[in-house]
């Protein structure tokens, strides 16, 4: 090599090596000084003096905007797997996590099934589902868990590929479909150097808030959008990499297709085909309108005729396909109904459900991934178990989140597959290997009428928000869930007895103690506190139980201990807004008013959803301190938000009091006049109701 060539080689190597060396030095220094946080899904912890791994609440920070990150469920498992343990990781999104109530997820049904049938085996079932994530998030999660002696992975994912991080319908993290760029971005954000850069470049006012599905209302992605090709390609690559990572340590993989609500979940958004002329659109709308009138009056044959006429003009409209499916169903043509319900799902422009292509990819990956990977075709299972092959509300609360029956059905399908994978010695010594019945499992879970009612209430509250409110069958959905939520929930004594019986069989089941505490918290708060403490004894990092314990102690008037629990929780999760809010109330009761106001302000900072209630409470404190101008400003800050009608009158009255006491009588009278007009409008809108006992007003 010539001298000139050697010089150029030296320059090239230096140009590459020195920046890499500098970055490595920065990264090492940041880690040594304790800057930033671990980006792995699990972190080392100690439970009962034993080395363990726990959930990392900061894992999703690398995928979501500040303030909008999602939390995994609390868990802990021994760093060294016990000899008699069989470790199962359940991977997925909110449906796998078990929304709207994770204690009744399919992994929980599976857990008690296996525990009941194989009492000599110590099953460790870790629910690693996280809401709003997708395969870009789950791949590093699986890679981490693969280091922790897994026996089995159950993978149930596919609903969020478009709307999840880096999906074509995600307004916060969309970065095109280049998988190399996406993975490079994640790698950078997971490093301490990347965290330092992110914190330095992020505006101080950028603290966000998770708005759920409402976040994506304007992110419509038609079925023929070019970006979908990249979504499907990335999903397949990520899924294959997940399976390979799971198989690496010798674990088995059960890879499931994704079930969705076809029959009872109308599309969230529809778009017309490209190039539709104005005259064509007018004709389409006329046929659609006529069909809707016919359908409303029960003339389903005529409705179908008009809908098909519209489809001859534009068949790419999701709502039209759904209407064709309903009319066909009502006419007994169930084959066409199945086809059209599926087409409506595939055309839905707000893509919150796994479409047909996603499930085809899952089947292909399972088929071609070699030994130790088996397909669980949940989509087909739901179709086979539903009326006329179109799954609906018998399995789902909403578009994808399963009802108890749906979760039981998945667990029952998994049960024999898992039995076949158990060590031969376990299988030979097994007694009854048939899956327990739904009734038997729900006794073990203490799934009582009280719990069915409260979970249905949660689901109904979800459906009161966009995009559900835009669905053509919204009123019907909410009505049925409200009816379920209002059903007789059983007497207290029999419900408590069901919990005591379940706990007697599984005294170390923290979910049973937690849910028993929820039952007890209103009527027997001291007993509820004992149950929440027991849940914390079992899993000290369970932030849900600690939050509930704090609330219960404060309800009992034990303010200092309640504040102590809040401070413990905030030492672990300083961003946890409910703990700030709960602590603020307790501090006010102890007349520590400045500290209370500071805590209310922190609750607003970390969760702007508290802004109305927190500013109202701050204003009431300031009234008591005779800081009338400050109180008026606080009440006005609450009113500046889009306040619900029920709260607006109280806020207006409180504002008028603050203004009157500060000597601003003219302004106070104007506010009272506004309040009177508002209350008159409310009387016209609805019949009078009794005021809420929780209403916080100076009146």
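The values are calculated or read from the model by the stated rules, or taken from the named source; none is laboratory data. This structure is a prediction, so every number in the text was calculated from the model and none was measured. Virtual Cβ from ideal backbone geometry, glycine too; neighbours counted across all protein chains shown.
Observations
- Pick from the stretch 26-61, criterion free of Cβ contacts under 8 Å to residues at least 24 places away in the same chain and in contact with a strand residue (DSSP E or B) (Cβ under 8 Å, 6 or more places away or on another chain), ranking: surrounded by the fewest Cβ atoms within 10 Å (Cβ to Cβ): 46
- Test: residue in the stretch 654-669 that is touching a residue at least 60 places away in the same chain (Cβ under 8 Å), in a helix (DSSP H, G or I) and surrounded by fewer than 21 Cβ atoms within 10 Å (Cβ to Cβ): no
- Which numbered condition residue 125 fails, given (1) touching a helix residue (DSSP H, G or I) at 6+ places or on another chain (Cβ under 6 Å); (2) farther than 19 Å from residue 259 by Cβ; (3) in contact (Cβ under 8 Å) with a residue 40 or more places away in the chain: (3)
- Residue 586 meets each of the listed conditions (1) closer than 30 Å to residue 560 by Cα; (2) surrounded by fewer than 22 Cβ atoms within 10 Å (Cβ to Cβ); (3) at pLDDT 95 or above apart from (2).
- Within the stretch 307-326, the set of residues being over 27 Å from residue 401 (Cβ atoms) and either buried (at least 23 other Cβ atoms within 10 Å of the Cβ) or touching a residue at least 24 places away in the same chain (Cβ under 8 Å) (or both) comprises 307, 310, 313, 314, 315, 316.
- Condition check for residue 166: touching a helix residue (DSSP H, G or I) at 6+ places or on another chain (Cβ under 7 Å) and under 27 Å from residue 503 (Cα atoms): no
- Test result for residue 496, farther than 18 Å from residue 538 by Cβ, surrounded by 17 or more Cβ atoms within 10 Å (Cβ to Cβ) and in the same structural domain as residue 549 (by TED's automatic domain parsing): yes
- The test for being surrounded by fewer than 18 Cβ atoms within 10 Å (Cβ to Cβ) and closer than 28 Å to residue 394 by Cβ holds for residue 339.
- Test result for residue 633, surrounded by 20 or more Cβ atoms within 10 Å (Cβ to Cβ) and modelled with pLDDT of 90 or more: no
- Residue 64 meets each of the listed conditions (1) without any contact (Cβ under 8 Å) to a residue 60 or more places away in the chain; (2) over 27 Å from residue 446 (Cα atoms) apart from (1).
- Evaluation of residue 303 against (1) without any contact (Cβ under 8 Å) to a residue 60 or more places away in the chain; (2) surrounded by fewer than 22 Cβ atoms within 10 Å (Cβ to Cβ) (one fails), failing number: (2)
- Criterion: within 26 Å of residue 539 (Cα to Cα), in a helix (DSSP H, G or I) and modelled with pLDDT of 95 or more - qualifying residue of 595, 565: 565
- For the stretch 307-328, the set of residues classified as outside any loop (DSSP other than H, G, I, E, B) and over 32 Å from the mean Cα position of the chain (by Cα) consists of 307, 308, 309, 310, 311, 312, 313, 327, 328, listed by residue number.
- Among (1) modelled with pLDDT of 95 or more; (2) surrounded by 17 or more Cβ atoms within 10 Å (Cβ to Cβ) - the single one residue 610 does not satisfy: (1)
- Candidates 569, 553, 549, 520 - the one that is within 17 Å of residue 503 (Cβ to Cβ), surrounded by 18 or more Cβ atoms within 10 Å (Cβ to Cβ) and in contact with a helix residue (DSSP H, G or I) (Cβ under 9 Å, 6 or more places away or on another chain): 520
Listed here are the residues, each with its yes/no results for (1) crowded, with 22+ Cβ neighbours inside 10 Å; (2) out of contact with any strand residue (DSSP E or B) (no Cβ under 9 Å at 6 or more places or on another chain); (3) modelled with pLDDT of 95 or more; (4) in a loop (DSSP other than H, G, I, E, B).
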site	(1), (2), (3), (4)
66	no, yes, no, yes
69	no, yes, no, yes
81	no, no, yes, yes
87	no, no, yes, no
91	yes, no, yes, no
96	yes, no, yes, no
100	no, yes, yes, yes
103	no, yes, yes, no
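- Any hit, the stretch 603-611, residues being farther than 14 Å from residue 577 by Cβ and in the same structural domain as residue 662 (by TED's automatic domain parsing): no
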